[in-house]
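As structure tokens, the structure follows; a few thoughts come after it.
Just so you know, all these numbers are worked out from the coordinates, no wet-lab data involved. Fair warning: this is a prediction, and the values are worked out from it, not measured in the lab. As a convention, Cβ positions derive from the backbone with ideal geometry for all residues, glycine included, and neighbour counts pool all protein chains shown.
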Amino acid sequence: MSFESLFDAAVPFWNSEEGLLERIGLLADQVQFGTYNGALKIIATSNGATDLRISGDITRNTCEWCALHVGQVYHRGQFTPELPKHPKCPHYYEIERTGAEPVDPDSAFAAFWGLL
């Protein structure tokens, strides 16, 4: 099958009702999992988590980035990539280790404004 015939088949599908519903579903999943991972990073850090690990299954459809990063541990203060990385990405953050005292939001807020 040539590229042109695939393109000719794909355009009508993605513009059909079924294709539009599929795209909306992918977008909803992306927003839902992105919100979960972002909230987990914030809540875990404010409650004393020191390490977060990227978890999830590796399958034959796993992208190269995910295959290289599943199991990677990120320490507090270190850059943590945004997840999910792509539509239908099954990877998520998991708390690896805790150890620090939980952060009091009021004192952290006061300390932040004291720096300005």
(message) 7 Å from Cα along Cα→Cβ at both THR35 and GLN72: what's the point-to-point distance in nm?
(response) 2.6
(request) Measure off 7 Å from each Cα along the Cα-to-Cβ vector at ALA110 and ASP57, then give the distance between these two points in nanometres to one decimal. (result) 5.0
(request) Report the extension gain between THR98 and PHE7 in nm, rounded to one decimal, defined as 0.36 nm multiplied by the number of residues separating them, less their alpha carbon distance. (result) 27.8 nm
(message) How would CYS89, CYS63 line up from fewest to most surrounding beta-carbon atoms within 10 angstrom?
(response) CYS63, CYS89
(message) Going by amide H atoms built from the backbone, whose H comes under 5 Å of the H on ARG97, apart from near neighbours?
(response) THR50, ASP51
